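**Q** Have a look at the structure that comes next, please.
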Amino acid sequence: MAAAANGPLLTGEHFMKGDTASAEGAIAAGCRFFAGYPITPASEIAERMSARLPHVGGDYIQMEDELASMAAVVGASNAGAKAMTATSGPGVSLMTENLGLAAITETPCVIVNVMRGGPSTGMPTLPAQGDVMQARYGSHGDYPIVAYAPDGPQEMFDLTVAAFDTAERYRTPVFVLADQTVGHMTGRVEIPESVEVADRPRPEGEPDPDTFLQFDGEHLVPPMAVAGDGYRVHVTGLTHDDRGYPDIEPPAQRRMLGRLMAKLHDNRDDIVDVERFRLDDADVAVLAYGSTGRAARQAVRDLRDEGVSAGLLRVRTLWPFPAAEVEALSEDVDAIVVAEMNLGQYAHRVREHADCPVVGHTNAGGEIPRPAAIADTVREVAS
Amino acid sequence: MSPEQVVEHHPTDPTLRDERIPHIWCPGCGIGGAVKAFAEAIERSPKGLDEHVVVSGIGCTGRSAGYINVDSYHTTHGRAIPYATGVKVANPDLEVTVFSGDGDLFNIGGNHFIHAARRNLDLTVLCVNNFNYGMTGGQFGATTPQEATTSTTPFGNFERSFNLPLLAASLGVPHVSRWSILHPRRLSRAISAAMETDGMGFVEVISPCPPNYGKRNGYPDGLDFLAYLEDHAVIDDGADLDQVGIDLAGEPLVLGDFRHEPSESYLEVKARHLAAHGVGGGA
């Protein structure tokens, strides 16, 4: 490991693995609790956190499985810690249970999913992007979710920081949807002296348990008391009222879930993050994310060199879906090619919003699409 | 009751969320008695209400968290112990109790219990054992005696049941007790002892479930089950734990404070190792 694991703060330029950079991003963002379970290709994040957190006053705990890991993360966040876990698809399958608990109890937390080939045990050591819809809809019921898609070690750092900022700002669980290529890629990572990260809104003044509302519907994002603050909160995975007490009636459900969804919907413009590359005069746009974005960028460069007017919309926030950006793009181009390492998960959603033909450039996972192959698809569409 | 006997407040009111009473539990249920014993243990504790945390899972006993006037977390089915693990590790100053039922803690949550015991984090685990899944209508679970009839064992239970004190002691849990709601003072004192123990404390609470287990097995009223306990309960702190399985079919039902052997807790070991490596807390 090139980067030292000892000092309390790590800054400056490093030659660093993506998984390690994600761990460093978490620490820079103030993460002080990590619970996890070993899994390829995300174990390096846990290893880094186990070595680093004690130096910054944080806690690493290895749990008996991913069910327990996610439960511990939600518990630790409710005790006041910025908390995260890191896993891959099979682990996320187990974590979706308590991901739902985090969503309904408005508990900030970050889940890094270093995606590998699925379904089931699939291809543990090979990349895929098959968990895009799982990230959005994996847990039962409707709930808000945010998912970032980093394209390399630097963004593993930057977007893990962003994930904490969003999680804390909106009291919501947030995914970092990396993939094996990005997690195991080693590259230059620049770590600034400090990063700007929101802290969750907190109640002020003398605690009054009789009047405090942990889920106060007068706020879009209510101030959050944590265990030991003196507010004597009740927090339940049942549908609840503003006080936190169970209220299993449709009006309470509409009120609670309406605000939960509005937290992200109303702030969509602040959350959504896309990169536009050579799109201004493009006839065909490639839409890609994560490691596929790297191949797509090269494809666009190669196509431009031969005179094909291609561009790239690289989506950094898969969820919430960048609907306005896709709709605007579809007005300007003749077609959109969605390149992804799955059998067409994100292309579905792009088709919902695009006012132009949408073509999938897919594979079953395990291999990053080659730039030449993406370019072939673009040429076919452009001809 | 004559009007002058009516009092406005119960002595335990400050420790309960009295605005949430009446509770959801059935007539004759024992969970309320367990809540009372726990509330008394909180009142006896050197820590104040704001330093206690209760974490529950899902099921009838899982609703206990909602009636206790401390920071309280009603979590997912089986996951109360790992949730509480996160709370305790993130803020070790808090006195954290897991209060849940036999199905939640020992069926769906069984793996978490054995690993929490192995880890020996300073948690108190309170298990109300009513021998079946009450909230879903009385199906059999990990503590249902063999032969017993439940809504999913119409021909009698084919499976053996867990002997919870033996299980806990075999895992090295420092404090292990079993009491019943017929023994409220001993129960409450055992909860206090479990809270005060370094490392994990486990208390099993034997409780009736009149409309489900009770109705199908000869105890249709709560009092019927208490009468059985009165006839069969034997207090033996030094019992051979191999012999304290529960058949509810006439064998002695052994209660007691079976084990109290404090041992270095997870947080103590962690502090010792970090200090040995010269790693202190930072920002």
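**Q** So which of A:ALA128, A:ALA167 is among the hydrophobic types (A, V, I, L, M, F, W, C), in contact with a Lys or Arg (Cβ under 7 Å, 6 or more places away or on another chain) and crowded, with 24+ Cβ neighbours inside 10 Å?
**A** A:ALA128
**Q** Another question about this same structure. Of the residues A:GLY130, A:GLY141, only one is within 14 Å of chain B (Cβ to nearest Cβ) and farther than 17 Å from A:ALA35 by Cβ; which?
**A** A:GLY141
**Q** Kindly indicate which of A:VAL333, A:VAL274 is under 30 Å from A:ASP165 (Cα atoms), of a type in the set (Val, Ile, Thr) and touching a residue at least 40 places away in the same chain (Cβ under 8 Å).
**A** A:VAL274
**Q** Could I ask something else about it? Of the conditions (1) facing chain A (nearest Cβ under 7 Å); (2) farther than 21 Å from B:PHE140 by Cα; (3) part of a helix (DSSP H, G or I), B:GLU19 fails just one. Which one is it?
**A** (1)
**Q** If you don't mind, another one. Of all residues being within 14 Å of chain B (Cβ to nearest Cβ) and touching a His at 6+ places or on another chain (Cβ under 7 Å) in region A:244-267, which is farthest from B:GLY66 (Cα to Cα)? Just the residue, please.
**A** In this case the residue turns out to be A:ASP247.
**Q** Among the residues of region B:68-87, what is the count of those that are more than 7 Å from chain A (Cβ to nearest Cβ) and surrounded by fewer than 24 Cβ atoms within 10 Å (Cβ to Cβ)?
**A** Within region B:68-87, residues that are more than 7 Å from chain A (Cβ to nearest Cβ) and surrounded by fewer than 24 Cβ atoms within 10 Å (Cβ to Cβ) number 1.
**Q** Now a separate question. Considering only region A:29-37, I want to know if a residue exists there that is more than 30 Å from B:THR97 (Cβ to Cβ) and either within 14 Å of chain B (Cβ to nearest Cβ) or in contact (Cβ under 8 Å) with a residue 40 or more places away in the chain (or both).
**A** Yes, because at least one residue in region A:29-37 is more than 30 Å from B:THR97 (Cβ to Cβ) and either within 14 Å of chain B (Cβ to nearest Cβ) or in contact (Cβ under 8 Å) with a residue 40 or more places away in the chain (or both).
**Q** Condition test on A:ASP334, is it surrounded by fewer than 21 Cβ atoms within 10 Å (Cβ to Cβ) and in contact with a Cys (Cβ under 9 Å, 6 or more places away or on another chain)?
**A** So A:ASP334 fits the description; yes.
**Q** Could you name every one of the strands (runs of 3 or more DSSP E) located completely within region B:172-283 that has at least 3 residues being within 14 Å of another protein chain (Cβ to nearest Cβ) and in contact with a Leu (Cβ under 7 Å, 6 or more places away or on another chain)?
**A** Values: elements: B:175-180, B:201-206, B:233-235, B:253-260.
Once the strands (runs of 3 or more DSSP E) in region B:172-283 are filtered for at least 3 residues that are within 14 Å of another protein chain (Cβ to nearest Cβ) and in contact with a Leu (Cβ under 7 Å, 6 or more places away or on another chain), nothing remains.
**Q** Can you confirm whether A:LEU220 is surrounded by 18 or more Cβ atoms within 10 Å (Cβ to Cβ) and more than 14 Å from every other protein chain (Cβ to nearest Cβ)? Before you say what the answer is, go through the steps one by one.
**A** Numbers: surrounded by 18 or more Cβ atoms within 10 Å (Cβ to Cβ): no; more than 14 Å from every other protein chain (Cβ to nearest Cβ): yes.
Criteria not met by A:LEU220.
**Q** Go through region A:217-234 and give me each residue that's free of Cβ contacts under 8 Å to residues at least 40 places away in the same chain and within 12 Å of A:PRO201 (Cα to Cα).
**A** A:HIS219, A:PRO223, A:ALA225
**Q** Give just the number: which of (1) within 27 Å of A:PRO320 (Cα to Cα); (2) within 14 Å of chain B (Cβ to nearest Cβ); (3) surrounded by fewer than 19 Cβ atoms within 10 Å (Cβ to Cβ); (4) in contact with an Asp or Glu (Cβ under 7 Å, 6 or more places away or on another chain) does A:HIS240 not satisfy?
**A** It fails just one condition, (3).
Bear in mind that the values in this text are calculations on the coordinates, not laboratory data. Given the structure is predicted, the values throughout are model-derived calculations rather than measurements. Neighbour counts run over all protein chains shown; Cβ positions are idealised from the backbone, glycine included.
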